[in-house]
Amino acid sequence: MATVEQKTELIHGYCGLCISRCGSIAVVKDGRFVELLPDPSHPTGHALCAKGKAAPELVYHRDRLLHPLKRTRPKGDPDPGWERISWDEALDLTASQLRRLASEHGPQSVVFSSASPSTSAIGDSAMWIQRLMRAFGSPSQCGSMELCGWGRIFATRFTFGVGMGVAGTPMPDLEHAGCMLFWGYNPSLARIAHATTAAAALRRGARLIVVDPRRAGLASKADAWLRVRPGSDGALALGIAHVMIERGWFDRALVRDWTNGPLLVRSDSGRFLTECDLSTAGSAKKYVAWDAAAGRPLVYDPATQRYEGEGAEPALTGAHTIRTASGDVECKSAFELCAELCRRYPPDAVESICGVPADQVARAAELLWTARPVSFYGWSGIEQQSNATQIFRAISLLYALTGSFDVPGGNVLFPAVPTAGMVGDDVRPAGPHAPALGLRDRPLGPSSGEHVSSDELYRAVLEGDPYPVRGLVGFGANLLLSHADTLRGRDALAALDFYVHLDLFMNPTAELADVVLPVASPFEREALKVGFGVSTEAQSLVQLRRPVVAPPGEARSDTDVVFDLACRLGLGDRFWNGDVDAAYRQQLGPSGVSLEDLRANPAGVRVPLRTRYRKYAELRDGVPVGFATATRKIELYSELLLNHGYPPLPDHQEPLVGPRSRPDLAERFPLILTCAKSTQFCESQHRALPSLRRRARDPELELHPSAAAARGIGAGDWVILETPEGRVRARARLSENLDPQVVCGQHGWWQECSEIGAPGYDPFSSDGANYNLVIGNAAFDPVSGSVPLRAYLCQVSRAE
């Protein structure tokens, strides 16, 4: 019998399912997408995770949304009465409702939400969503920044004047690192491109320090795995810094010349001593240090980044009595104050607070110094804490001591292919506009960049504080599974006047929408990526990912929907009248790369780039570039935070719902609850894919065998996880690596996988498995609003 030869096509691209954006090759046989392979020729293409390999299952899953849907029954009705409608009707209805809300209540009454680009494919459309939000006039985007991104993108700015962790900010130069420091970050799950590069670095002899309550991923290969008590990371960072300072293991020249460590701080106010304190004729914009050579005050001018006089030697340490225009004032250098803070955390104290043995604290300090340069990366393990901002500040202080900022093998601001800015800084309607939600209460937090928390959204909807929110435009954000305070979130979404949601699947959050729109997966749409972040080579690549197959039904890309909706809102002039290609051409203009070149070269086009180091020391008009801070230095001591009522030094603060801060709760809830990503799933996605669900059929709760035995729990038993907010169920998984007082859960469980008979879970029921149902929004980081999803109190018992 003759066989029919199949036509096979190999399509170069990259997987868009998470921030790793791994280079890939799609295998298409007779028009059907059958396999996704890594592309070793791509700078991020050395491996694919299980989720990427399951891409064909995602594309062809029978539960995909295929057509626009409109609710026909009230939101309190268990049956939404979904009615299939056309795209024209769906977008016209959406546009008319949004225009009505803007006219009656102001554009601030509409919030835009989106999934996190770190853990979803929304990165393909993120800049266009932000542009639409601004063009519409809304100041608020609920995109999980307080949970995923705040620490590495924003909190490090208080120290270095720049974020550290996304393309366009200093990234770990793992290819040249002598020591890698991964803190609350498991690249094997979160960024496979970092995992493969880190593994290669280990093979060439680089050292690795991992700080994580769990021994997961590369932690098993680490030279030092520091099993920190969840939420106590700040004390650990200060303790390691203490050892480095006491033993002289720090870059003294960098700390003296490029940090604000030498500047004197007044003991009476906590503020920097300025030239106007010395003389009424002096400037309030110039600071004062102590000249160790001359034994007198030394004026520092941030405008020139120079100390006055020849041969000045700004002292790093010491206390001094300074004669001012209003009398004598006791002062200490900022570095002296940092050292004093760190001295409160010697290794034995760190062991008591954090559970990390004292000898491991000293060992980590020695590795950071002797194995330099150090590449550092922190992730949501330390962002989802009630002291997230100061934890990142403490780690930033520690990192500054290594002298590894913007040097080969350290954290390097890699060059970028030049492009035009497209996020819409210039498209907002003229005239005054309302501030972002949360800006009043947390002026230094995510709202300063128009990123608002789910708690701020819920409060504005339910309480009208600081003003009423009546509409939501949601791009894939499954808020009720991904954020805390699920029941309040459900009430808020149900109370909206109008809610439109775009997604691949119907989910518990989408079910509360008035209109649901089907979107294409990243394998069914075109997307432009300029630079891949992790190295100079990766940054040089510009790639236009082509569709592997056509989207199912009437699904459309988020980008196409944004441009079409913009035109129907009367904003077409700010969206190239709906022409996405025209927008791409404008974006690419400065790069010298054409859209035609990219379509002719699906593997991408490379633009030669050269990395420069220590860019802060480069001269511009005779003045060093410095850092984007008030002092133009790395700010170990933050007067900005002090001026807003926050501690200027990054002291450790106990988790707000922890055994030390809430002994009244700890008696009933004696265990510390944290959580971690699953190897198989992207947050609340993919549990309907058989190949993945077979490997993780049920939600699990990890606990130490001794903790399990004390509660009569065996491996695989169903258990009840209870916190002060409620209870859910999971299967017990025993792990010797966990501290006996710590348990680790998983969030995102709701979806069934009928192909293998795996059940779904009611996200609002105590008989379900929604981790965030048992986490409240009341305990949050005062600067950012970050919620302690990674450090809470709980009890575990065997389910009957």
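The values are calculated or read from the model by the stated rules, or taken from the named source; none is laboratory data. Since the model is a prediction, treat every value here as computed from it, not as a measurement. A quick note on method: Cβ atoms are made from the backbone with ideal geometry, for glycine too, and the neighbour counts reach across all protein chains shown. Only protein heavy atoms, including side chains, enter the accessible area calculation; ligands, DNA and RNA are left aside. Shrake-Rupley method; radii C 1.70, N 1.55, O 1.52, S 1.80 Å.
Return one number: the angle in degrees, 0 to 90 and rounded to the nearest 10, between the long axis of the Cα atoms of helix 334-343 and the longest principal axis of the Cα atoms of the chain.
That helix lies at roughly 70 degrees to the long axis.
Mind listing P(r) for segment 336-438? All alpha-carbon pairs, 5 Å bins, whole percents.
Per 5 Å bin, starting at zero, the Cα-Cα P(r) for segment 336-438 comes out as 2, 8, 12, 16, 17, 12, 10, 7, 7, 6, 3, 1 percent.
Kindly give the semi-axes, whole Å and largest first, of the ellipsoid equivalent to segment 508-648, taking each as the square root of 5 times a Cα gyration tensor eigenvalue.
Those come to 38, 26, 16 Å.
For a test of the definition: using alpha carbon positions, the gyration tensor, and the 1.5 limit on a/c, classify segment 147-256 as rounded, prolate or oblate.
Taking the square roots of the gyration eigenvalues as a ≥ b ≥ c, segment 147-256 is rounded.
In degrees from 0 to 90, rounded to the nearest 10, what is the angle of the helix 233-246 Cα long axis to the longest principal axis of the chain?
The helix 233-246 is inclined about 30 degrees to the chain.
Accessible area per residue of segment 52-101 at 1.4 Å probe, in Å²?
49 Å²
Which residues does a label at Ala303 reach in segment 265-287, if reach means a backbone N under 18 Å from a point 7 Å past the Cα toward the Cβ?
274-287
Kirkwood Rh over alpha-carbon pairs of segment 629-725, then Stokes-Einstein at 20 °C and 1.002 mPa s: what D in µm² s⁻¹, rounded to an integer?
Calculated translational D: 119 µm²/s.
Please report, for the Cα atoms of the chain, the Rg to one decimal and the Dmax as a whole number; what are they, in angstrom?
Rg, Dmax (Cα atoms, Å): 26.8, 104.
Based on the mean of other Cβ atoms within 10 Å per residue, sort peptides 554-564, 471-481, 275-285 so the most packed one is first.
Descending packing order for the listed peptides: 471-481, 554-564, 275-285.
Using helices alone, what [θ] at 222 nm do you get for the chain, with -39,500 (n - 2.57) per DSSP H run of 4 or more residues, divided over all residues and rounded to the nearest 500?
The helix-only estimate for the chain comes to -7000 deg cm²/dmol at 222 nm.
Which whole-number percent of Cα pairs in segment 304-387 have a distance greater than 14 Å?
The answer is 80 percent, as a whole percent.
Over segment 203-348, how many percent of alpha carbon pairs lie in each 10 Å bin up to the one with the longest distance?
The percentages, shortest bin first, are 11, 32, 26, 17, 12, 3, 0.
What figure in square angstrom, to the nearest 10, would you give for the accessible area of Asp573 with a 1.4 Å probe?
120 Å²
State the answer as a single residue: which of Ser447, Ala54, Met180 lies farthest towards the positive end of the charge dipole of the chain, with beta carbon charges of +1 for Lys and Arg and -1 for Asp and Glu, about the Cα centre.
Met180
Tell me, Kirkwood radius of segment 565-688 from alpha-carbon pair distances, in Å?
22.3 Å
Let me understand segment 667-800 better: what is its radius of gyration from the alpha carbons, and its Dmax, in angstrom?
According to the Cα coordinates of segment 667-800, Rg and Dmax are 14.6, 46 Å.
Along each of its three principal axes, how wide is the spread of alpha-carbon positions in segment 231-279, in whole angstrom units, largest first?
41, 29, 16
Starting from one equal scatterer on each C-alpha and no solvent at all, send me the Debye-based log10 I(q)/I(0) for segment 177-217 at q = 0.19 Å⁻¹, two decimals.
One equal scatterer on each Cα of segment 177-217 leads to -0.50.
Give me the Å³ per residue figure for the convex hull around the C-alpha atoms of segment 14-131.
169 Å³
Tell me the label-point distance for the pair Val34, Ser765, using the 7 Å Cα-to-Cβ offset, in nm and rounded to one decimal.
Label-label distance for Val34 and Ser765, simple model: 4.1 nm.
With charges only on Cβ, +1 for K and R and -1 for D and E, what is the dipole size of segment 388-485 about its Cα centre, in debye, rounded to 20?
In debye, rounded to 20, segment 388-485 gives about 60.
Tell me, what is the per residue accessible area of segment 568-628 in Å², probe radius 1.4 Å?
Computed with neighbouring chains in place, this is 55 Å² per residue.
Once you keep just the Cα pairs under 8 angstrom separated by 6 or more residues, what percentage relative contact order results for segment 197-269?
Relative contact order here is 18 percent.
Can you list, bin by bin at 10 Å, the percent of alpha carbon pairs in segment 107-200, starting at 0?
Answer for segment 107-200: a P(r) of 14, 37, 33, 12, 3, 0 percent.
With an 8 Å cut-off on Cα pairs and a minimum separation of 6 or more residues, tell me the relative contact order of the chain in percent.
18 percent
Express the relative contact order of segment 681-800 as a whole percentage, based on alpha carbon pairs under 8 Å and six or more residues apart in sequence.
Relative contact order here is 30 percent.
What does the charge add up to near Val299, with Lys and Arg as +1, Asp and Glu as -1, over the other residues with Cβ less than 9 Å from its Cβ?
My count for the surroundings of Val299 gives -2.
Report the local net charge at Ser784: Lys and Arg +1, Asp and Glu -1, summed over other residues whose C-beta lies under 13 Å from its C-beta.
It works out to a net charge of -2.
Given Phe532, Ala292, Thr723, which one lies farthest toward the positive end of the charge dipole of the chain, if we put +1 on the Cβ of every Lys and Arg and -1 on the Cβ of every Asp and Glu?
Phe532
Quick check for me: using +1 on Lys/Arg Cβ and -1 on Asp/Glu Cβ, what's the dipole size of the chain about its Cα centre, in debye to the nearest 20?
In total the dipole reaches around 1180 debye.
Using a Cα distance threshold of under 22 Å, what count of lysine pairs results for the chain when pairs must be 8 or more residues apart or interchain?
15
Please sort 211-217, 398-404 by packing, taking for each peptide the average over its residues of neighbouring beta carbons within 10 angstrom, highest first.
So the peptides 211-217, 398-404, ranked by packing, come out 398-404, 211-217.
Give the average over all directions of the projected area of the C-alpha convex hull of segment 630-678, one decimal, in nm².
6.1 nm²
So what's the net charge close to Thr559: Lys and Arg +1, Asp and Glu -1, counting the other residues with Cβ under 10 Å from its Cβ?
Net charge around Thr559: -3.
So what's segment 460-586 giving for Rg/Rh, alpha carbon basis, Kirkwood Rh from the mean inverse pair distance?
Computed over Cα atoms, the ratio is 1.04.
Counting residues in segment 2-50 as N, plug N into 2.2 N^0.38 Å and put the Cα Rg over that result.
1.30
Identify the chymotrypsin sites (Phe, Trp or Tyr not before Pro) of segment 1-74 meeting these criteria: DSSP loop state and at most 16 other C-beta atoms within 10 Å of the C-beta.
Loop-located and lightly packed - Tyr60.
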